[in-house]
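A quick write-up on the structure given underneath.
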Amino acid sequence: MHIIQVALPIPKRQLFDYLCQSADLMPGCRVWVGFGPRKLVGIVLGYTDHSEHFDKLKSVSEIIDTTPVLDSSLLSICGWLAKYYHHPIGEVLHTALPVALRKGESDQPKPIDYIQLVDKNSADTLTALGRAKKQIELYGMLSEGPISLSAIRQHFSDAVINALQNKGLAEKCSKEPQFLPVKWPTQAIFDKPKANVEQALAISTITGKLDQYGCYLLDGVTGSGKTEVYLQSIEEVLIQKKQILILVPEIGLTPQTVTRFEQRFGLEVGILHSNLTDNERLMVWQKCRRGELAMVIGTRSAIFTPMKSPGMIIVDEEHDASYKQQDGLRYHARDLAVVRAKELNIPLVLGSATPCLETLNNAISLKYHHLSLSQRAGAATMAKQNVLDITNQPLQSGLAQGMIKRIEQHLKAGSQVMLFVNRRGYAPALLCHYCGHIEQCQRCDKPYTVHKSLNKMQCHHCGGARPIPNQCKVCGHQEMVTQGVGTEQLEATLNERFPQYSTIRIDSDSVRGKSKLHTVLEEINQCKHQLLIGTQILSKGHHFPHVTLVVILDADGALFSADYRAPEHLAQLITQLSGRAGRAEKQGEMWLQSHQPGHPLLQDLIHNGYGHFARYALLERKQAQLPPYLFHALFRAEATRAQDAFDFLSEVASLVRHSQLKIIGPIPAIMEKRQGRFRMQLLMQCFNRTLLNQIIAQHIQTIENMPLARKARWSLDVDPQDFM
Ligand code: ADP
Ligand code: ZN
């Protein structure tokens, strides 16, 4: 018998020893082991000669893999993650695996369910379908060939799929996973736009050193042709028969990007999105690992995709907040991409019109190559940006009269208008007009949001909901009024004011469900709607070629936020929203309504652009001694008794004390209470990242074992992105 060391998916920092008959399990193989009463999937990390608990060692229950599911490069990435984020290695390794493999399933994908047409040329088809629009649409798609069930489910409900089957027109079939070699291009593609000067410089810089690590910040205004730079750089990588991994914030928002990649090279692009089944995800993972996919595109966790012949990593919209995981292993996929590209010795391209300050700083200090695209590609021009002073102006659902007129002008000219408001629902508060009492969620101490369409008030922090009261529970008067504006209200107002135009709301309430977002985006591009009302979703990468006016209702809150990153995020939001306008040959304009029209941040941004704003913001960060000029690690704790969280963090504070460490707290989190738990935090700041890391490493085990740690739910966030 031999002793293997196994990492288990539990919040413990050590490895566990088990007896094993095999002497040649490689690191990265999975085994089933007994752990207390449970059976767990463990990852073998090595062998050892002796174990302290030799007499009590259990045997491995079952060996799952004979070849590793995590290659040595990914294992080393996981080791880095565990050290950098001070996270238990077993949990890190599980995060890196597709769900099917975490469950102990075989690493060979099972057959995949498809839908296909029974008889393509049936004459009575159209009669059988009658006027069922969705069914006709699906039938049309299927006539091109079978489509996987989960892909169909992204656009159609089960009712539609079943209807086609019940009418005998379509049937389910299952296909064995097919593994086919990639048809790598051997020469340059002819049919592509000619790169402009800045693009050409970017492409040649990136492709000049494909055989080594290098990080390139592609800093290009919206519509400047960043994607075109990706495409032409990728081309060179493909000719070398190497793979490309592309990260995007959200795939649902960029279906046209995927199509563009596929069409340019005539190659299948592996897509990792949240609607895949575990088996389909495993399929993409396995194909990429075997080198049977040239390109993979996915959201945050796709950074863990194994590659047989890695050639390049691209992180699109690198500033996007979704790259940071906010629970469990709180990693930042962009930062991990840097580590991974270094480990694989391949180039990394970070693209954005609004690079985050950390990235920009790395570019300015020459750690990254800074590639700029300062002009829009082709004939399109940038939208003109303006601030509208709304102090002391009558507002109708948050809109100034002059703005309503302007909207009308654009609509009459046949264009689309996009309106951004940062709250979904009807209104962000409900109060009594007589006594001022505000309806609050008891568990979070925050006002309820009114949702008229649901006839409910809902807490956006815990999801708790109640019926809308028609009477004040404090004074009994029946005059409850809403305060503030949400998307729902704005939509209602615009519907009333412009009944001849179609409005569409795009927020997480209205585009819930699998197919909605895709359908809505298509309808917008077909100009079925003229007034587009939405939240943050609108700012994320989607092209709206017919929008000529973008209105931001009110973003003043961010100017006074307690979060030092709020101005940066506001500037990114404004710039990205404004970038949605005037994409095609139509000149666009953006109007930001504000009670602080003279605010230096807004003025700088509007007149000098994001790049100028960002450099100034960096200067401010330097003077205020904030990241990226110093490093943060944040302990968070929450408990039903605030004192428990406070006591725990106080003890942590006294433990980690160090002359070169500045400690702030324990103080309440910005969001002091959530779901009935009080939330506190302890911020550690240090000018030396390595030292900060060492101090935490030295104490984390003690902290974990502290009796007080059991009274609070706690976590550690290295490089925290917010203080909520
Ligand atoms: P970004 O990714 O920066 O938003 P895209 O690459 O999507 O920009 O380019 C915006 C538009 O400009 C697209 O329609 C694209 O086809 C077009 N485009 C990009 N580069 C060129 C070029 N060199 N010549 C002509 N059109 C271009
Ligand atoms: Zn709540």
#### Entry: Elements of type helices (runs of 4 or more DSSP H) in the range 140-258, at least 2 residues being within 16 Å of ligand 1 (Cβ to nearest atom) and within 29 Å of the chain's Cα centre (by Cα)
197-208, 226-239
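Every residue, every condition in (1) more than 23 Å from S301 (Cα to Cα); (2) not assigned by TED's automatic domain parsing to the domain that holds L40, yes or no:
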site: F54; (1), (2): yes, no
site: P68; (1), (2): no, no
site: L75; (1), (2): no, no
site: G79; (1), (2): no, no
site: H94; (1), (2): no, no
site: D119; (1), (2): yes, yes
site: R131; (1), (2): yes, yes
site: L138; (1), (2): yes, yes
site: M141; (1), (2): yes, yes
### the range 293-319: number of residues that are modelled with pLDDT of 95 or more, part of a loop (DSSP other than H, G, I, E, B) and out of contact with any Gly (no Cβ under 8 Å at 6 or more places or on another chain)
3
## Note on the structure
Going through (1) farther than 30 Å from V339 by Cβ; (2) crowded, with 18+ Cβ neighbours inside 10 Å one by one, S157 fails only at (2)
### Message
For the structure I just gave you, tell me whether F613 is aromatic (F, W, Y), surrounded by 17 or more Cβ atoms within 10 Å (Cβ to Cβ) and touching a Phe, Trp or Tyr at 6+ places or on another chain (Cβ under 8 Å).
### Response
no
### Task
Could you list all residues from the range 674-706 that are among the charged types (D, E, K, R) and farther than 12 Å from L716 by Cα?
R674, R677, R679, R689
#### Entry: strands (runs of 3 or more DSSP E) contained entirely in the range 390-482, each with at least 3 residues that are outside the structural domain of Q530 (by TED's automatic domain parsing), away from ligand 1 (no atom under 16 Å from the Cβ) and surrounded by fewer than 20 Cβ atoms within 10 Å (Cβ to Cβ)
465-467
### Message
Can you find a residue that is touching a strand residue (DSSP E or B) at 6+ places or on another chain (Cβ under 7 Å) and at pLDDT 95 or above anywhere in the range 51-59?
### Response
no
### Task
Answer with yes or no whether I112 is of a type in the set (A, V, I, L, M, F, W, C) and closer than 23 Å to L517 by Cβ.
no
### Residues of the range 367-389 classified as within 16 Å of ligand 1 (Cβ to nearest atom) and in a loop (DSSP other than H, G, I, E, B), total
10
### Query
For K342, which of the numbered conditions (1) more than 18 Å from the chain's Cα centre (by Cα); (2) crowded, with 22+ Cβ neighbours inside 10 Å; (3) more than 16 Å from ligand 1 (Cβ to nearest atom) fails to hold?
(2)
#### Entry: Filter result (in contact with a helix residue (DSSP H, G or I) (Cβ under 8 Å, 6 or more places away or on another chain) and without any contact (Cβ under 8 Å) to a residue 60 or more places away in the chain) within the range 187-214
Q187, A188, A195, I203, T207
### Task
For the range 320-329, enumerate the residues that are surrounded by fewer than 20 Cβ atoms within 10 Å (Cβ to Cβ) and in a loop (DSSP other than H, G, I, E, B).
Q325, Q326, D327, G328, L329
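The values are calculated or read from the model by the stated rules, or taken from the named source; none is laboratory data. Worth saying up front: this structure is predicted, and the values here are computed from it rather than measured. Please note: Cβ atoms are built from the backbone with ideal geometry, for glycine as well, and neighbour counts cover all protein chains shown.
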